[in-house]
Amino acid sequence: MGRGGFNGGSTVVGGRGRESGYSTYDPAEGGRRYPGKPGRRKKLDRKKSYACDRVIIDHFIKQKLNGVEEFQFPKKTDPKLKKLIRKRFKNPYEWVEAHHLFNDRYQIQINLWERNQKNKTESKPKISDENKLKNNITQLQKKRAELSGKIEEIDQEILLLKSILENK
């Protein structure tokens, strides 16, 4: 018997379901992939997703803050929008400044940029050579303590084996 599914499964035996013994149609088990057109697949309409205005504006603001002279569009920019911006404005940043989202996005991006600049200038305190040596010494002392316990156990086993050997 085949896999059972929601619609009753594959071949029906006996009086359950169809008495003819033919399989019930269950789309999960196979059959035609696209029942409407035999032998051919339907073409799926795939819409391309492009970056929204906010993403493009943020991208240009970041470029401006980082001192880029030639502005580059994000990879997922709609080609029609690129063409329109290049046609109407000499510099794409002019379009950004004219956009209604510019003021809000500029403030957000400048705050993020300043925070990143502050993080770049603040360096983490480096571990001095003395601290490194102290850490190494403590780790070695821990290892020595572990190994000394094992050495004592081995010595006891050796003494036990020697005493057994002498008694024989």
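The values are calculated or read from the model by the stated rules, or taken from the named source; none is laboratory data. Worth saying up front: this structure is predicted, and the values here are computed from it rather than measured. Here the Cβ is made from the backbone with ideal geometry for all residues, glycine too, and neighbour counts use every protein chain on show.
Side notes on the structure shown:
- Filtered residue count, segment 87-102, keeping only those that are of a type outside the set (Asp, Glu), within 20 Å of Asn66 (Cβ to Cβ) and free of Cβ contacts under 8 Å to residues at least 40 places away in the same chain: 4
- Boolean, Pro79 is surrounded by fewer than 16 Cβ atoms within 10 Å (Cβ to Cβ), touching a helix residue (DSSP H, G or I) at 6+ places or on another chain (Cβ under 6 Å) and either under 17 Å from Val96 (Cα atoms) or modelled with pLDDT of 85 or more (or both): no
- Among the numbered conditions (1) more than 17 Å from Ile61 (Cα to Cα); (2) at pLDDT 85 or above; (3) among the β-branched types (Val, Ile, Thr), the only one that Ile127 does not meet is (2).
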